[in-house]
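The values are calculated or read from the model by the stated rules, or taken from the named source; none is laboratory data. Keep in mind it's a predicted model, so treat the numbers as computed, not measured. Using ideal geometry, Cβ is built from the backbone for each residue, glycine included, and neighbour counts are taken over all protein chains shown.
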Amino acid sequence: MTESAPLAVELRGITKRFPGVVANKDIELRVARGEVHAIVGENGAGKSTLMKTLYGMHRPDEGQILLGGREVVFKSPADAIAAGVGMVHQHFMLADNLTVLENVVLGAEKLHGIGGDARRRIVEISDAYALGLEPDTLVEDLGVGDRQRVEIAKVLYRGATTLILDEPTAVLVPQEVDELFGNLAELKREGLTVIFISHKLDEVRKVADAITVIRRGTTVGTADPRTTTAKQLAEMMVGAELPTPETRTSTVRETPVLQLRGVTVAGPGTRPAVDDVTLTVREGEVVGIAGVEGNGQAELVDAVMGLRPLAAGTIVLGADDITSWTTRTRRERGIGFIPEDRHRQGMLLDAPLWENRVLGHQTEAPNAKGLFIDRKAARADTERIMREYDVRAPGPDTLAVALSGGNQQKLIVGREMSAGPRLLIAAHPTRGVDVGAQSVIWELLKDARAEGMGIVLISADLDELIGLSDTLQVMLRGSVVATLDPQAVTPEQLGGYMTGAVTSPAGSVQ
Amino acid sequence: MSALRRTGQALLAPALAVVIALVISAAVMAAIGVDPARAFSVMVDFGDTPSQQVTAIVVVLNRAVPLFLAGLAVAVAFRMGLFNIGVEGQYRMATVVAAGVGASVSLPGPLHVLLIIVVAMGVAAIWAGIVGVLKVTRGVSEVISSIMLNFIALGLASFLLTGPLRGSEPGASIVTTTEIPESGWFPSLNGLLGALGLANPPRQLYGFLLVAVVVGVAVAVLLKRTRFGFDLRATGLSASAASASGVDAKRMVITTMLISGAVAGLIGLPDLLGSDHSYGTQFTSGLGFLGIAIALLGRNSPLGIAVAAVLFAFLDRASVPLQIASIPSSVVTIIQGTIVLAVVIANEIARRIARRQAESGSAVAPPAAGDGSSPEPGSTPPTGPALTNATGSAGRTEPTGSAQ
Amino acid sequence: MKLAALAIAGSLALAACASDEPAGGSGGSGGSGGGEDGPKIGLAYDTGGRGDKSFNDSAYAGVEAAIETNGGTVQEISPNSDASDRADLLTQLADQGFNPVIAVGFAYGDVIGDVAQQYPDTSFAIVDSSGVDVADNVTGLLFAANEGSFLGGVAAATKSETGNVGFVGGVETPLIQAFEAGFVAGAQAVNPDITVQVQYISPAGDFSGFNDPARGQIVAQGMFDGGADIVYAAAGGSGIGVFQAAAASGKRAIGVDSDQYETVGDPALQAVIMTSVLKRVDNAVEAYIGTFVDGSVEGGTDVVSDLSTEGVGLSYSGGFIDDIKSTIDEYTQKIVDGDITVPETPSN
């Protein structure tokens, strides 16, 4: 950082209070023009609150925001955009049935109209930053990485010179992450400033020019990525050692828990979403399913849970053919389920925790007494789960929405484990949770495995997959294309299989 | 304790909304040259003699009973995210058939009444069940099909009334079904009023009030305490989470519509069994639509709906004395309208505040012992476009900005 | 807090009530030269209330005329939106000491008996419904609407060039069916081969048909498209839609109850209103109040207004049917003399 040029973004003493809590306290942030500046911190550390402040979604109670050395006051995101600050949200806000052009122009029609000028501008942006966008492609036909580039184009189209990227890599596979970093380099080269929020420390060290660490709502320091190790960063973040997903010795037994035989699930088009998948999960075994999102993993999970009908094949749980069982029977008979999207499938956000404890186990003790819900017992058991699984919340009557992602997930894991399932379907069990919760969840999965539970693990975190699984199955376009030994495969090789770039059975166990 | 506070918060929003609505109505009244103070005083004036006062109370209660049942029928479906606009047609069908059956049999008292009630509930449940079946098997939106079935129900009820079930003499200006024999009447509660030491009014207090109370309690227990109720509410809060939890969404839709319909079948019975004793062309219509407003006002909770029904009935009663005091009775309509509107808005604001409190409360440390003050109510929610659930009923919105 | 609101309102109530003596004499009594000695008339409207340019307004005109002659005051009152409080209206009027109480519309027929029995000292009248066997203090004010409509049918058939006329009923109730019966009979009396298209806007039990001009227009348009050149609108407030359809098609229409040529208030629509089948509710109401004032009122009976009493008939405003007046008069005489008996219910 040179002292002569004014800083692109400077935050001085930002404090933001909500009733009963201080979300941000005395935050100091100095971002130089043309740098990629990472903000790292655990979930719940206050990164989002800070970025919302910078993006004008709410106003700080104390402190100043300076852009290019001048103090600014944002009343709304519109003010922020006008001042050249743009935000790329973690969850894309794109209309699937519109084209790239339409999505970019939507809401900014005044800038360059909606016709030729707009198209020219988009092509210009795309070329200047190597985004590779086709204005007339429908967004629904785009992959995750392309969608993210559309989001970036949207922000640039609106004239942003400072881009905030909120957890941009959470949804990407390694190859896509590399592409994104390439794009960021282009942005930097053109003199734009990027603020990059993440808790993936390796990535941060790879891409950032400077790092600011936030813990418990305040800045605990800055770090130079070239001289700081991931371990040091992690200690700054949590003050604890970085957990590892590595499992210990194999606990795989002979008895199969789950057998899929030729499972086929119809897709939206003519191609099946899940195509003739056969695999076995044994007691004490973690079977990891790797694959770029959208290659049939979600449909496979739905099929096992009975949420989607099979076009062909059978599913056997233990000795029972469960193909025709309802979801409820499957759950009652010992399938636990940690869904991929906990907000969509795992929780009732507007319901209290104890009702969320009941969810999925409505018919089982201690939640039910005959046809009635045993509210008292369910509450008491929720308190037990909160204790045993370290769910940090005021009490069982707190609304689920009040919990951080990690605590929500711990509640879900605790709930599913409490039923003592034979088989656990864990889809992205640590997605969007902080480092602390992540290690707790990993430990729980390892313990369950040691006790003989069969686990199907779906994850986009390749370290997690490789670390936890006993066997890896790679899915591509609905089929299992490779069965790999996690001991003998690197994330890069695995990524190659996932994208179909590698097909030879390097590291294959069969 | 926190439960107590939550109840307090839950009541605060509608209460505040009623106050705001009264203030707005007062302003409107002042603008059209009506003295609001006088209007309100006329509305709360139940008369001078004990008999008049008790009569007024009876009028309010008698009106509140069908409104309550209508609100309840709508709310049951609302709670699982179904919009049963067909309550209107369901109760009309139920009442005409029940009136016909009731008039055609002769049974000892309680059995006769019971038969009529069962028939009414059954007919309305079947009528509502059609909506459920169409939704489950053909994916027809319940809003569309229940509206369409309303028209069919009106026509069919009219056909039954003027055709096979016609009981009135040809040429009579009001067509009715044959009167139900006295064994099929629901005894009034006037004896009870006497026992309470109140004046015996000229009006009969509907005995069906007791049935409504029982049904209200039953629905409350069903929703809050049973496994079925849990499944129903879970579906309303998040259909995807409910089916992942093992709720059979299709069966749920049909069962809920059947229950909603069965309750709807009761709407016409207070009048049918308590005063009219036959279904006719003058039978009160529109209760099904009013039920939507009542359910909204009562936030889909049986207790809230009871309060809302009494409030609406009270306002309805006021329209007569207002006119006698030369105040346009449209004052009542204005108040009713603004109350519903204010409640919808207040609910939404309260929900956002609660959510923001919840979200920010967890942002750093768990013990979110909020001091009760709300963070700038006017400010925008975390991420803009997600909140558009105009009914505010099921409160189903996608998570806004996942807690980072 | 609701309690608080009630308390505030209640505290004001005392003061307000003190200054707010008997509520009569207001509600637009027209300031007619009444006085405190004349009758305190209670007037309960049918749904739609004052300003329907038809039935309810006609009743009010009658009351106004009666006050002109006899003095007195009137209190008007309308039911709530679903008209579930009809009994309450009558009870409150009687309770407040209004006498006589006039209920406009047959819809009051199923509640007036109970109320009247509770207030035996009050005289009640009901328009379009019978007072016989209801209560000793209820007088029915009935109209031979079928006779008036017969003349409407005569006029339509005489004036029709296509031999095809239409009847749009508001709601398929016995009352409106009597209009239909008379109209069809009148048209066929002139031209036995005439085509009469008959349609109702809503079925019995659904009263929207009296107040739905949009559907009235659709129904009438269908008839005009189907070859009719004159359509009779016996549909209350929906009639305006029939007139609009007629204007749009360059055809003609017949109004109902009051002289709609005078009340419609739109020159474009005036031009299509060939005549109106009058139902002199005003005359009947005025006469009833007269009998009340002179003490000759009889309860438990009906007063029937028909052609012989000129309680029904056709209007000649606009001069569209002046040329066939002799034909009309001829049929009128036949009915009065009993040579023609007009049916009260449709034949089919």
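Go over the candidates A:322, A:289, A:338 one by one and state the one that is within 14 Å of another protein chain (Cβ to nearest Cβ), touching a residue at least 40 places away in the same chain (Cβ under 8 Å) and either crowded, with 23+ Cβ neighbours inside 10 Å or more than 27 Å from residue A:431 (Cα to Cα) (or both). Walk me through how you get there before you give the answer.
Details: A:322 fails: touching a residue at least 40 places away in the same chain (Cβ under 8 Å); A:289 fails: within 14 Å of another protein chain (Cβ to nearest Cβ).
Result of the check over A:322, A:289, A:338: A:338.
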Q) Can you find a residue in region A:24-37 that is more than 9 Å from every other protein chain (Cβ to nearest Cβ), touching a helix residue (DSSP H, G or I) at 6+ places or on another chain (Cβ under 7 Å), farther than 20 Å from residue A:207 by Cα and modelled with pLDDT of 85 or more? A) yes
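Return the only residue of A:304, A:281 being assigned by TED's automatic domain parsing to the domain that holds residue A:323, among the aliphatic types (A, V, I, L, M), crowded, with 21+ Cβ neighbours inside 10 Å and in contact with a helix residue (DSSP H, G or I) (Cβ under 9 Å, 6 or more places away or on another chain).
Values: A:281 fails: in contact with a helix residue (DSSP H, G or I) (Cβ under 9 Å, 6 or more places away or on another chain).
Of the residues listed, the single one that is assigned by TED's automatic domain parsing to the domain that holds residue A:323, among the aliphatic types (A, V, I, L, M), crowded, with 21+ Cβ neighbours inside 10 Å and in contact with a helix residue (DSSP H, G or I) (Cβ under 9 Å, 6 or more places away or on another chain) is A:304.
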Q: Return the only residue of A:164, A:152 being in contact with a helix residue (DSSP H, G or I) (Cβ under 6 Å, 6 or more places away or on another chain) and within 29 Å of residue A:58 (Cα to Cα).
A: A:164
**Q.** Single residue of region B:29-44 satisfying the filter (buried (at least 17 other Cβ atoms within 10 Å of the Cβ) and more than 10 Å from chain C (Cβ to nearest Cβ)) that is farthest from residue B:351 (Cα to Cα)
**A.** B:34
Q: Within region B:166-178, identify whether any single residue is assigned to a helix (DSSP H, G or I) and either β-branched (Val, Ile, Thr) or free of Cβ contacts under 8 Å to residues at least 24 places away in the same chain (or both), and answer yes or no.
A: no
Q | Options B:210, B:160, B:189: the member that is without any contact (Cβ under 8 Å) to a residue 40 or more places away in the chain, within 28 Å of the chain's Cα centre (by Cα) and surrounded by 19 or more Cβ atoms within 10 Å (Cβ to Cβ) | A | B:189
Q | Search result, residues across region B:236-248 that are buried (at least 17 other Cβ atoms within 10 Å of the Cβ) and closer than 13 Å to residue A:345 by Cβ | A | B:237, B:238, B:239, B:241, B:242, B:243, B:244, B:245, B:246, B:247
Q | region A:386-414: number of residues that are away from chain B (no Cβ under 13 Å) and under 24 Å from the mean Cα position of the chain (by Cα) | A | 3
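Take residue C:221 and decide whether it is crowded, with 18+ Cβ neighbours inside 10 Å, within 27 Å of residue B:284 (Cβ to Cβ) and either away from every other protein chain (no Cβ under 14 Å) or under 18 Å from the mean Cα position of the chain (by Cα) (or both). Show your work before the answer.
Values: crowded, with 18+ Cβ neighbours inside 10 Å: yes; within 27 Å of residue B:284 (Cβ to Cβ): no; either away from every other protein chain (no Cβ under 14 Å) or under 18 Å from the mean Cα position of the chain (by Cα) (or both): yes.
Here the answer is no, as residue C:221 does not meet what is asked.
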Q. Out of region C:296-332, which residues are within 30 Å of residue C:117 (Cα to Cα), touching a strand residue (DSSP E or B) at 6+ places or on another chain (Cβ under 8 Å) and either free of Cβ contacts under 8 Å to residues at least 12 places away in the same chain or in a loop (DSSP other than H, G, I, E, B) (or both)?
A. C:297, C:298, C:299, C:300, C:306, C:311
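Between A:467, A:452, A:432, which is under 20 Å from the mean Cα position of the chain (by Cα), surrounded by fewer than 22 Cβ atoms within 10 Å (Cβ to Cβ), outside the structural domain of residue A:169 (by TED's automatic domain parsing) and touching a residue at least 12 places away in the same chain (Cβ under 8 Å)?
A:467
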Q. Among the numbered criteria (1) farther than 18 Å from residue B:336 by Cα; (2) within 21 Å of the chain's Cα centre (by Cα), which single criterion is violated by residue B:103?
A. (2)
Q.
Would you confirm, using the coordinates I've provided, whether residue B:155 is within 14 Å of chain C (Cβ to nearest Cβ), surrounded by fewer than 17 Cβ atoms within 10 Å (Cβ to Cβ) and of a type in the set (Gly, Ala, Ser)?
A. yes
Q: Restricting attention to helices (runs of 4 or more DSSP H) lying wholly within region A:405-510, give those where 3 or more residues are within 16 Å of residue A:250 (Cβ to Cβ).
A: A:435-450, A:462-468
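Out of C:159, C:251, which single residue is out of contact with any helix residue (DSSP H, G or I) (no Cβ under 6 Å at 6 or more places or on another chain), at negative phi, at pLDDT below 95 and basic (Lys, Arg)?
Working: C:251 fails: out of contact with any helix residue (DSSP H, G or I) (no Cβ under 6 Å at 6 or more places or on another chain).
From the options C:159, C:251, the qualifying one is C:159.
Quick one: would you say residue B:291 is more than 13 Å from chain C (Cβ to nearest Cβ), buried (at least 22 other Cβ atoms within 10 Å of the Cβ) and within 29 Å of residue B:187 (Cβ to Cβ)? Step through it out loud before you land on a result.
Values: more than 13 Å from chain C (Cβ to nearest Cβ): no; buried (at least 22 other Cβ atoms within 10 Å of the Cβ): yes; within 29 Å of residue B:187 (Cβ to Cβ): yes.
No; evaluated as a whole, the condition is false for this residue.
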Q: With a cut-off of at least 3 residues that are more than 10 Å from chain B (Cβ to nearest Cβ) and surrounded by fewer than 24 Cβ atoms within 10 Å (Cβ to Cβ), name the helices (runs of 4 or more DSSP H) lying wholly within region C:43-125.
A: C:55-70
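Only one of A:282, A:333, A:357, A:328 is at pLDDT 90 or above, within 13 Å of chain B (Cβ to nearest Cβ) and touching a strand residue (DSSP E or B) at 6+ places or on another chain (Cβ under 8 Å). Can you tell me which?
Details: A:282 fails: within 13 Å of chain B (Cβ to nearest Cβ); A:357 fails: touching a strand residue (DSSP E or B) at 6+ places or on another chain (Cβ under 8 Å); A:328 fails: touching a strand residue (DSSP E or B) at 6+ places or on another chain (Cβ under 8 Å).
Of A:282, A:333, A:357, A:328, the one residue that is at pLDDT 90 or above, within 13 Å of chain B (Cβ to nearest Cβ) and touching a strand residue (DSSP E or B) at 6+ places or on another chain (Cβ under 8 Å) is A:333.
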Q) Does residue A:130 satisfy being of a type in the set (Gly, Ala, Ser) and in contact with an Asp or Glu (Cβ under 7 Å, 6 or more places away or on another chain)? A) yes
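For every residue, the table says whether it meets (1) within 14 Å of chain B (Cβ to nearest Cβ); (2) at pLDDT 85 or above; (3) closer than 25 Å to residue A:295 by Cα.
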position	(1), (2), (3)
A:112	no, no, no
A:124	no, yes, no
A:127	no, yes, no
A:138	no, yes, yes
Q. Does residue B:180 satisfy being touching a His at 6+ places or on another chain (Cβ under 7 Å) and within 21 Å of residue B:91 (Cα to Cα)?
A. yes
Q: Could you give me the residue pairs with C-beta distances under 7 Å whose first residue belongs to region A:213-231 and is within 14 Å of chain B (Cβ to nearest Cβ), whose second residue is assigned to a strand (DSSP E or B) and at pLDDT below 80 wherever it lies, and which are 6+ apart or on separate chains?
A: A:217/A:22; A:217/A:23
